[in-house]
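To start, the structure under review is shown below, and the notes come after it.
Every read-out reported here was derived from the displayed coordinates using simple, explicitly stated rules and does not represent laboratory data. Quick caveat: nothing in here was measured; it's all calculated off a predicted structure. Quick reminder, even Gly has a Cβ in these numbers, built from the backbone with ideal geometry, and neighbours come from all protein chains shown.
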Amino acid sequence: MTRPRPPRPVPVPDGLSAPYWEAAAREVLVAARCSRCSALSVPPDPVCPHCRSTDPAFTFEPVSGRGVLRSWTIVRQPFLPGFKADVPFVLADVELAEQAGARMIGRLLDGPDAPLRQGAAVRAAFEDVAPGVRVPAFVLETGA
Ligand SMILES: [Zn+2]
């Protein structure tokens, strides 16, 4: 007898992150722009990581989704049962093209056998994780 597979956890939007997840569901990557220092953050934090404002009054704007691979790790251990079928997978640290230091962590959908190298060009992609729920991820730009 096989037991049903536990579901993969899905994001639970809150007041701060709801615009981010609503855009992701439409396959649009948005970044939060701080109203105090104008820097972009992805995903939004209660405190602006650039100017440390505790009242950043973020506004969300679409970004190109293009960036470069800064670093990565290959996840081989499913720390939550819902990820058991997904390992091994690549978690990438990507710097977005829009702003130096606008870094974002996301899965690299090409997988651990892809030719990974620092500085490789990537673009945003989206994973369908539940009906109407998409999570931003990345893929390597081909021919880059
Ligand atoms: Zn700021």
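Working note: Debye formula, equal point scatterers on the alpha-carbon atoms of the chain, no solvent; log10 I(q)/I(0) at q = 0.12, 0.17 Å⁻¹ is -0.53, -1.00. Diffusion coefficient of the range 13-63 by Stokes-Einstein, Kirkwood radius over Cα pairs, 37 °C, 0.692 mPa s: 306 µm²/s. Projecting the Cα atoms of Ala97, Pro81, Ala137 onto the charge dipole of the chain (Cβ charges, centred on the Cα centre) puts Pro81 farthest toward the positive pole. Mean separation of Cα pairs under 8 Å and 6+ residues apart, divided by the residue count of the range 103-144: what relative contact order is that in percent? Relative contact order, the range 103-144: 45 percent. For the chain, the 222 nm mean residue ellipticity estimated from helices alone, with every DSSP H stretch of n ≥ 4 adding -39500 (n - 2.57) and the total spread over all residues, rounds to -1500 deg cm²/dmol. For the range 25-144, the relative contact order works out to 23 percent when only alpha carbon pairs closer than 8 Å and six or more residues apart are counted.
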